[in-house]
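Taking it in order: structure first as structure tokens, then the write-up.
No lab work stands behind these numbers, since they all come straight from the coordinates. Because the structure is predicted, anything quoted here is derived from the model rather than measured. Positions of Cβ are backbone-derived with ideal geometry, glycine not excepted, and every protein chain shown enters the neighbour counts.
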Amino acid sequence: MQGEKKKKIVKTIKVDVDKCNGCRACEVACSAFHATPQYSSNNPARSRIRVIREPLRDIYVPVYAGEQARAECLGRDKYVIDGKEYEECAFCRASCPSRDLFKEPDSGLPLKCDMCESDATLEKPLCVQWCLVDALTYEEREEEGEEEAQPEDVEIGLESLVDKYGLEKVLDSVARMSLSKKD
Ligand code: SF4
Ligand code: SF4
């Protein structure tokens, strides 16, 4: 059965790698925005945007964290653009077992850009606001499409814990936590 067509807002951040100078202000802003309490600390390792930097070759590629990939790809991509060769997987957005990118450093849980949606007062995502050379620009457009059920962050986190520790251990821990909360 065809799903009902609805209007949806598509949010895009356009990345201009030629304008990026590798300052990493976007990483600092993102990690501070998502710190607990908000803005209490910053640590680029917790950022949902990471800048691949190779200053000697004038390579700066801001990459946004996307969906988690549970297994490594068997094949790898390598791009050459305007004579510059980019490292394998340079443009890949996945939090995946082959690298440390886009993993919460303490827990190892996958990180994913949420377009700063938790703060409806923001006109633009914070990384875009802090990119002073306009390497990042924000656009919104309306499109007709089917409503897609998006997994909640908590679901993604739980799935990843189950992958790491197994369902039984996770269920045991939840049972113990709920008992201690009742005390
Ligand atoms: S803030 Fe802009 S210029 Fe600086 S690293 Fe991020 S994308 Fe590049
Ligand atoms: S849009 Fe928000 S969540 Fe996504 S990378 Fe930028 S600051 Fe981080």
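The table below lists the values:
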{"item": "R0 of 41 Å, Cβ-Cβ distance Phe91-Ala175: FRET efficiency to nearest 0.05", "result": "0.45"}
{"item": "The range 82-107-the range 1-76 distance, computed between alpha-carbon centres (Å)", "result": "10"}
{"item": "0 to 90° range, to nearest 10: angle between helix 153-165 axis and the chain longest Cα axis", "result": "70"}
{"item": "Distance histogram in 10 Å bins (all Cα pairs of the chain, percent per bin)", "result": "8, 29, 34, 21, 7, 1, 0"}
{"item": "Cysteines without a disulfide-compatible partner [the chain; Cβ-Cβ under 4.7 Å]", "result": "Cys20, Cys23, Cys30, Cys73, Cys96, Cys113, Cys116, Cys131"}
{"item": "Among Ser31, Ala120, Ala65 the positive-end extreme of the charge dipole of the chain (Cβ point charges)", "result": "Ser31"}
{"item": "Cα-projected label distance for Glu140 with Ala71, points at 7 Å along beta-carbon direction, nm", "result": "4.0"}
{"item": "Where labels lie 7 Å past Cα in the beta-carbon direction, separation of Asp18 and Tyr39 in nm", "result": "3.6"}
